[in-house]
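Heads up, the thing below is written out as structure tokens.
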Amino acid sequence: MNKALITGVTGQDGSYLAELLLRKGYEVHGVIRRSSAIAIPRVIHLYQDPHEVLDVRFHMHYGDMSDGSVINQLIKTIRPDEVYHLAAQSHVRVSFDIPEYTGDITALGATRVLDAIRNCGYPIKFYQASSSEMFGQAVETPQTETTPLRPRSPYACAKAYAYWLTVNYREAYGMFAVNGILFNHESPRRGETFVSRKITRGIARIKAGLDKKIYLGNVKARRDWGYAPDYVEAMWRMLQQDTPDDYVIATGESHSVEEFLTEAFKHAGLGDWRPYVEIDPRYFRPTEVDHLVGDASKAERMLGWKPTVTFQELVAIMVDADLKAHGVLRRPRRRPARVKPLETAVR
């Protein structure tokens, strides 16, 4: 039985990846950071029922990306075949407020994991969660694996450090280490402070009579938005290759935040979004990234990977989930057959 270790297992991607690997027969170990809040709602369904077969193959361990000794101990004790490093301070706007912490966790955290693998004495395949934000003020459109990096935030700079360190350890030590350069990917499990989820949750709260407005920053920004369960499938495929390499994972389409608003409000039956949205200067970044769109042709060619969910379907999935969570879903919505079923995140 293959063993996998996932850092950031309680995040959006970590929870979907854990489910995917369990379905594939893995024993899955996740690292959870001890904090004042219990951060397990996205994965609690994987181990809360003692009668579920998943229970015996899913394990949680306390750890922190700032603590190299714990990371070393986990690697030596668990002896995983694959490590998926997803943990990070991942909010771009917040990284301007806490740049040192962002660098420590997002950049040096990857260093600690890579070095633990290098020193463990046996081969482990390593996946680094890189980000399209590294392209920043992109010099070409669409962005590919060879597009120069121009990061525009402390978060993006930290991710660029971790990206190049992964390449360096691969070349210097012969490690099986890959970068997945993932463009924006969303789901109902997306954190509530990220713009896509702020919109869909805000719509649900408006329909429930709890709020009157959604407060946003740069609604002109354009992003390449995909569906998170599709993207974790690409992560796994990268580690099944014979040779380690880096891959862009994207849909190849860009849509503005305004377009997301238009589609979401239309799907919820609220009409024009403008009366419900307030632009708040506090949510603007000191340096903006205006347009990102990826070319995933290499991933399609080498991994056989393609996105399965369209932009419109993604928005509908997210809106419906938040409407249901707030008890205001208008009607059951029939999904196209090719859309993967969405598991309930919280029991």
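The values are calculated or read from the model by the stated rules, or taken from the named source; none is laboratory data. Owing to the predicted nature of the structure, the values given are computational and were not obtained by experimental measurement. Using ideal geometry, Cβ is built from the backbone for each residue, glycine included, and neighbour counts are taken over all protein chains shown. With ligands, DNA and RNA removed, areas are computed over all heavy atoms of the protein, side chains included. Shrake-Rupley method; radii C 1.70, N 1.55, O 1.52, S 1.80 Å.
Rg and Dmax of the chain, using alpha carbons, in Å: what are they?
Calculated on Cα positions, Rg and Dmax stand at 19.6, 60 Å.
Convex hull volume of the Cα atoms in the range 240-299, per residue, in Å³? Show your work: numbers first, answer last.
On the way: hull volume 9.0 nm³, N = 60.
Spelled out: Cα convex hull of the range 240-299, divided by residues, is 150 Å³.
Which of the peptides 274-287, 165-178 is most tightly packed, and how do the rest follow, going by the mean number of other Cβ atoms within 10 Å of each residue?
Final packing ranking: 165-178, 274-287.
Mind jotting down the distance between the C-alpha centroids of the range 134-163 and the range 1-29, whole Å?
For the range 1-29 versus the range 134-163, the Cα centre distance is 27 Å.
Over the chain, what percent of the accessible surface lies on carbon and sulfur atoms, probe 1.4 Å?
Ligands and nucleic acids excluded, carbon and sulfur reach 51 percent.
Given a 1.4 Å probe and heavy atoms of the protein chains only, how would you sort ASP97, ASP320, largest accessible area at the top?
So the residues, ranked largest to smallest area, are ASP97, ASP320.
I'd like to check one number: the per residue accessible area of the range 171-236, probe 1.4 Å, reported in Å² as a whole number.
Roughly 34 Å² per residue, with all protein chains present.
Rounded if a/c is under 1.5, else prolate if a/b is larger than b/c, else oblate: which is the range 178-318, with a ≥ b ≥ c the root eigenvalues of its Cα gyration tensor? All intermediate terms of the calculation are to be shown ahead of the outcome.
Values: a/c = 2.55, a/b = 1.97, b/c = 1.29.
Judged from the Cα gyration tensor, the range 178-318 comes out prolate (a/c at least 1.5, a/b above b/c).
Check the range 190-322 and count each lysine pair with an alpha-carbon distance under 23 angstrom, considering only pairs eight or more places apart or from different chains.
11
With a Förster radius of 56 Å, plug the Cβ-Cβ distance of ASP290 and LYS76 into 1/(1 + (r/R0)^6) and report the FRET value to the nearest 0.05.
For R0 = 56 Å, the calculated efficiency reads 0.80.
Quick one: if the Förster radius is 25 Å, what FRET efficiency do ASP280 and ASP104 give, using the C-beta to C-beta distance and rounding to 0.05? Don't skip to the answer; put the middle values down first.
On the way: r = 29 Å, r/R0 = 1.15.
The formula returns an efficiency of 0.30 here.
How much length is gained if the chain between GLU313 and VAL139 is pulled fully straight, taking 0.36 nm per residue apart and subtracting their Cα-Cα distance, in nm to one decimal?
Working: separation 174, 0.36 × 174 = 62.64 nm, distance 3.03 nm.
This chain segment gains 59.6 nm when fully extended.
Roll a 1.4 Å probe over the protein heavy atoms and report the accessible area of GLU259 in Å², nearest 10.
70 Å²
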